[in-house]
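> Take a look at this one; I'll ask things after.
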Amino acid sequence: MGAKCVYDISTEGKSPAMVEREIIRRIEAHTGRRLTSWQVTVSFHTNPDKKRPTIEIVSLPDIKDRVFLISPPLVTEAQPTLVPLLRRISNYSPKYNRSARGLQFDFVDFLVRVGMSFDRHGGATGVVVQIEYRPCSYTADCERLIAELMERIAAPLVPPPQANHDPGISAAATTSYNYTRVDVDATKFNDKDLMPFSHRTEALLFAKLLRA
């Protein structure tokens with residue numbers, strides 16, 4: 001598992017679907033090779049006792065045998081079979097889900113995921129990019145390399161031919177997109193749950209992104 005960063009791209013009033021298509025075009029123009037689809041789901045579970053905190057359950061795309069339960073200051077790994085037991089054991093029930101999903105690309109030493117984020121009703125709310133630098137295990141050691149690739153992806157490219165007939169496509173192609181790196185508030189969690197870079201940290205990043 002390599003070092004990863006998650007970025008939230010500002011769509012600035014544009015259609016998230018159009019921005020996602022443009023980001024994919026840029027990745028492929030920079031020799032990114034399309035692989036498979038991916039999805040992250042955050043399920044919010046609540047308890048009738050208002051004093052008990054909401055539990056967020058995160059399913060990651062490359063982890064099939066585990067989910068991550070988040071209730072600050074704890075992040076707990078569990079088998080997916082634990083989820084239906086929450087209601088029976090502790091009266092927790094699912095309130096709603098949020099997700100991010102899209103396509104992933106092989107980019108030489110990088111794995112790049114791009115997709116849209118969705119609200120509880122399934123409406124697209126934004127565009128997210130996750131970049132993994134596979135030769136590196138610690139984000140702090142290769143953060144600049146990851147950031148440089150994100151800068152290239154966010155920078156404008158020459159518009160495609162169809163932009164001549166569609167002002168929206170032209171605007172999407174010539175935009176330099178603003179983006180924000182998603183970070184975890186380390187003060188809210190135990191040090192052992194924030195090992196850089198672990199699947200627990202990845203779960204925390206997506207939970208923060210989809211909680212907004």
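> Please note which helices (runs of 4 or more DSSP H) are completely contained in the stretch 104-212 and include at least 2 residues that are within 19 Å of ALA29 (Cβ to Cβ).
Correct list: 139-154, 167-173.
> Which of the residues that make up the stretch 144-184 are among the acidic types (Asp, Glu) and more than 20 Å from VAL129 (Cα to Cα)?
Residue satisfying the conditions is ASP166 alone.
> Considering each of LEU86, LEU82, LEU69 in turn, give the residue that is out of contact with any Lys or Arg (no Cβ under 8 Å at 6 or more places or on another chain), over 30 Å from ASP166 (Cβ atoms) and modelled with pLDDT of 90 or more.
LEU69
> Taking only the stretch 64-89 into account, find how many residues are surrounded by fewer than 20 Cβ atoms within 10 Å (Cβ to Cβ), in contact with a strand residue (DSSP E or B) (Cβ under 9 Å, 6 or more places away or on another chain) and over 16 Å from LEU210 (Cα atoms).
Counting residues in the stretch 64-89 that are surrounded by fewer than 20 Cβ atoms within 10 Å (Cβ to Cβ), in contact with a strand residue (DSSP E or B) (Cβ under 9 Å, 6 or more places away or on another chain) and over 16 Å from LEU210 (Cα atoms) gives 10.
> Please work out which one of (1) under 27 Å from LYS14 (Cα atoms); (2) surrounded by 16 or more Cβ atoms within 10 Å (Cβ to Cβ); (3) modelled with pLDDT of 90 or more; (4) of a type outside the set (Ser, Thr, Tyr) is the condition GLU151 fails and give its number.
Evaluating GLU151 over (1) under 27 Å from LYS14 (Cα atoms); (2) surrounded by 16 or more Cβ atoms within 10 Å (Cβ to Cβ); (3) modelled with pLDDT of 90 or more; (4) of a type outside the set (Ser, Thr, Tyr) leaves (2) as the failure.
Residue-by-condition table, conditions (1) under 13 Å from ILE23 (Cα atoms); (2) more than 16 Å from the chain's Cα centre (by Cα); (3) surrounded by 14 or more Cβ atoms within 10 Å (Cβ to Cβ); (4) hydroxyl-bearing (Ser, Thr, Tyr):
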{"residue": "PRO156", "(1), (2), (3), (4)": "yes, yes, no, no"}
{"residue": "PRO159", "(1), (2), (3), (4)": "yes, yes, yes, no"}
{"residue": "ALA163", "(1), (2), (3), (4)": "no, yes, yes, no"}
{"residue": "ALA172", "(1), (2), (3), (4)": "yes, yes, yes, no"}
{"residue": "ASP185", "(1), (2), (3), (4)": "no, yes, no, no"}
{"residue": "PHE189", "(1), (2), (3), (4)": "no, yes, yes, no"}
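> Within the bounds of the stretch 133-141, is there any residue that is touching a Lys or Arg at 6+ places or on another chain (Cβ under 8 Å), at negative phi and surrounded by fewer than 19 Cβ atoms within 10 Å (Cβ to Cβ)?
Yes, because at least one residue in the stretch 133-141 is touching a Lys or Arg at 6+ places or on another chain (Cβ under 8 Å), at negative phi and surrounded by fewer than 19 Cβ atoms within 10 Å (Cβ to Cβ).
> Looking at (1) touching a strand residue (DSSP E or B) at 6+ places or on another chain (Cβ under 7 Å); (2) modelled with pLDDT under 90; (3) within 20 Å of ALA124 (Cα to Cα), can you tell me which one GLY13 breaks?
(1)
> Determine if the stretch 46-63 includes at least one residue that is among the charged types (D, E, K, R), under 30 Å from ILE169 (Cα atoms) and part of a strand (DSSP E or B).
The initial filter retains those residues of the stretch 46-63 that are among the charged types (D, E, K, R), namely 49-52, 56, 62.
With the extra rule that they be under 30 Å from ILE169 (Cα atoms), the set shrinks to none.
No - not one qualifying residue is present in the stretch 46-63.
> If you don't mind, there's one more thing I want to ask. What's the total number of residues in the stretch 114-168 that are more than 22 Å from PRO61 (Cβ to Cβ) and in contact with an Asp or Glu (Cβ under 7 Å, 6 or more places away or on another chain)?
Count: 0.
The values are calculated or read from the model by the stated rules, or taken from the named source; none is laboratory data. Remember, predicted model here, so these are calculated numbers, not experimental data. Methodologically, a virtual Cβ is constructed for each residue, glycine included, from the backbone with ideal geometry; neighbour enumeration extends over all protein chains shown.
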